[in-house]
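Accompanying notes for the structure given below.
Derivation of every value follows stated rules applied to the coordinates shown; laboratory data play no part. Here the structure is a predicted model, which is why all the values come from computation and not from measurement. Here the Cβ positions follow ideal geometry from the backbone for every residue, glycine too, while neighbour counts run over all protein chains shown.
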Amino acid sequence: MDQIKIGKFIAEVRKEKNLTQRQLADKLSISDKTISKWECGKGIPEASLMLPLCDALQITVNDLLTGEKVTEVDYQKKAEENMMNLMKENEENKKRMALSIICGVITIIAVCSVVVIASYITLPTIARIALIVFAIITAALGIGAAAMLEVKAGYYECPHCKSLFVPTMGEYVKDFHTFTKRKLKCHECGKTGMCKHLIVR
């Protein structure tokens, strides 16, 4: 989906309705920063907000996802395209998550192998140091690559307001996490909690 086109469309329809970002945000019980983020093309409304937003702007979900008002003639075609785009996005998220797991497993195997070689095989001191440095670099690069793939794979669901968001890399790496949840600050309500990682919408 074209986030920039959708954002421009939201801004255009909001202005047609003589609504400020704050007024629209109040109707949806969210912050005006969220409206601004959508209109700048830095994200699209979460599934839970799509219907209330469409009601407030008097448009259809199909109009919203297309980024323009859809005519009766094109309605079915655009609905199918939007559905295919959502399915494609979900598939891409699944692939990114699978690649992240593969990358992490390969990194662990590679680092453990190098550490075993450095520990148990008779080597000159300089070679042993070089292997340990190599293991540290491999671990850093592998974990970094896995993290970059995972942060782009899907969304995190706020336990307070149930909105979906994608954290920045800085937010992603700095807080406590489990395999399925991560402590993050919600981009919508601003509360911090253990956010569940969802691969598909």
Quiz item: Over 32 Å between Cα atoms, which of K78/K185; K8/K94; K88/K185; K27/K95; K15/K183; K15/K181 qualify?
Solution: K78/K185; K27/K95; K15/K183; K15/K181
Exercise. Determine which residues of region 157-201 fall in the zone a paramagnetic label at K94 would reach in this model, i.e. backbone nitrogen under 20 Å from the point 7 Å along Cα→Cβ.
Key: 157, 180, 197-201
Practice problem: With springs connecting C-alpha atoms under 10 Å apart, model the chain as a Gaussian network and identify which of M148, M169, M97 has the largest mean-square fluctuation. | Solution: M169
Self-check item: Values of log10 I(q)/I(0), in the order q = 0.12, 0.20, 0.22 Å⁻¹, for region 88-201 under a Debye, Cα-only, solvent-free model
Solution: -0.53, -0.99, -1.12
Practice problem: Could you estimate the translational diffusion coefficient of the chain from the Stokes-Einstein equation, with Rh from the Kirkwood formula over C-alpha pairs, at 20 °C and 1.002 mPa s, in whole µm²/s? | Solution: 110
Exercise. Using Cα centres only, tell me the gap between region 1-39 and region 53-100 in whole Å.
Key: 17
Exercise. Would you list the membrane-span-like helices of the chain, meaning whole DSSP H runs whose alpha-carbon atoms span at least 18 Å along their axis and whose mean Kyte-Doolittle value is at least 0.5?
Key: 125-151
Quiz prompt | Geometric extent, Cα atoms of region 155-198 - Rg, Dmax (angstrom) | solution = 8.9, 24
Exercise. Using Cβ-Cβ distances only, list the Cys residues of the chain with no partner cysteine under 4.7 Å, sorted by number.
Key: C40, C54, C103, C112, C195
Practice problem: Give me Rg over Rh for region 72-122, both radii from the alpha carbons and Rh done the Kirkwood way, two decimal places. | Solution: 1.54
Exercise. First select every other residue whose beta carbon is under 14 angstrom from the beta carbon of F179; then total the charges, Lys and Arg +1, Asp and Glu -1.
Key: +3
Quiz item: Over region 90-148, with a single point scatterer placed on each C-alpha, what log10 of the ratio I(q)/I(0) does the Debye formula yield at q = 0.12, 0.21 1/Å?
Solution: -0.36, -0.75
